[in-house]
Amino acid sequence: MDHRIHAVTINEEIALLNDHDESTCYLVTGERRALLIDTANGWVDMKALCEELTSLPVTVVNTHGHGDHVYGNVFFGEAHLHPADFALHDQQFADPIVHGLMESEGLRPAKLTGLAIGETFDLGGGHTLETVPLAGHTAGSVGLLDRKHRILFSGDGVIPHLWMQLKESLPIETLRNTLVTLKQEHGDEFDWLLTGHGRGLESADIVDNLITGCEQLLMNDHEGERSYHWFGGDCMIHPIDEDENHGIVYDDARLEDLL
């Protein structure tokens with residue numbers, strides 16, 4: 001096991017793979033095949049790591065197109081991604097530093113296969129995951145619903161610290177509608193989240209908290225907010241519960257229809 005990866009056993013079929021607290025991916029196994037949900041930052045050969053953990057053939061699914069979730073695709077021949085994030089994926093790999101590193105190592109991004117909403121991955125042994133839409137953080141964000149274990153693998157689409165300030169992020173109203181639809185269509189099918197930056201199971205109550213936060217923003221209720229500095233500049237974080245690290249990070253562009 002690479003020193004950057006901290007592996008946590010969630011249950012007999014799910015392994016959490018934390019890449020240096022910078023990104024989290026998951027190896028999900030059945031009787032016939034395995035699913036690798038996201039591939040982390042590209043510093044670790046995730047294909048070789050998966051081969052240490054399972055002898056089953058591995059299919060790669062990306063929850064969205066950001067580099068910290070797709071750069072490890074370079075160790076695979078194919079990866080599934082929602083087409084709405086294809087351009088974002090290509091932009092991430094076009095970064096000069098990333099491109100130079102790939103060239104020096106003789107690597108290239110995996111071939112992308114379009115991921116459809118409702119598409120299922122049958123791993124065998126009664127273990128099937130279904131793709132559900134989580135548009136908001138990015139247009140092509142998706143989750144993988146594991147009804148067997150009542151878990152939603154949510155990437156960065158449903159996460160306690162949700163970035164919505166990025167240029168590729170959609171309006172807060174769109175996020176709110178996404179989450180309400182998720183609750184209506186699948187809310188009784190999962191109790192837990194495994195997120196794109198998590199260290200273990202997290203309560204599905206986060207969905208309700210995010211919906212409330214979105215609705216407060218849409219009603220121009222900014223109580224409890226504070227300024228937020230990130231590598232792209234300054235914006236705001238809107239609280240969703242009592243934990244100061246939890247919230248919706250946003251800028252005025254996500255609320256422009258309300259201004």
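What follows is calculated from the coordinates using simple rules that are stated; it is not laboratory data. As the structure is a prediction and not an experimental result, all values here were calculated from the model. Note that each Cβ is placed from the backbone with ideal geometry, even for glycine, and that neighbours are counted across all protein chains shown.
Setting aside same-chain residues fewer than 8 positions from residue 183, which aspartates and glutamates have a Cα under 14 Å from its Cα? Result set, ordered by chain and number: 191, 205, 208.
With a Förster radius of 45 Å, plug the Cβ-Cβ distance of residue 98 and residue 215 into 1/(1 + (r/R0)^6) and report the FRET value to the nearest 0.05. Here the calculated transfer efficiency is 0.75. Gyration tensor analysis over the Cα atoms of segment 5-203 returns equivalent ellipsoid semi-axes of 24, 21, 15 Å (largest first, whole Å).
Beta bridges assigned by DSSP with both partners in segment 5-203 are antiparallel in approximately 70 percent of cases. Taking other Cβ atoms within 10 Å as a rough exposure proxy, 235, 50, 214 sort from fewest to most as 235, 50, 214. In plain terms, the residue of 197, 20, 127 with the fewest other Cβ atoms within 10 Å comes first and the most crowded comes last, giving 20, 197, 127. Fully extending the segment from residue 185 to residue 111, taken as 0.36 nm per residue of separation minus the present Cα-Cα distance, adds 23.5 nm. Here the dipole of segment 157-259 is about 340 debye; that uses its Cα centre as origin and unit charges on the Cβ of Lys and Arg (positive) and Asp and Glu (negative). Across all directions, the average flat footprint of the convex hull enclosing the Cα atoms of segment 147-248 is 6.7 nm².
Taking the fewest neighbouring Cβ atoms within 10 Å as the starting point, the ordered list for 190, 153, 75 is 75, 190, 153.
About its Cα centre, the dipole of the chain is roughly 760 debye, where the only charges are +1 on Lys and Arg Cβ and -1 on Asp and Glu Cβ. Modelled spin-label separation between residue 234 and residue 51, with each label point placed 7 Å from Cα along the Cα-to-Cβ direction: 5.1 nm. Please name whichever of 136, 71, 100 sits farthest to the positive end of the charge dipole of segment 5-203, dipole taken about the Cα centre and charges placed at Cβ: Lys and Arg +1, Asp and Glu -1. Selected residue: 136. The spacing between segment 80-94 and segment 115-131, judged by their C-alpha centroids, is 22 Å. Straight-line cross-link partners of residue 111 among the aspartates and glutamates, defined as a Cα under 12 Å from its Cα and at least 8 positions apart when in the same chain: 78, 90.
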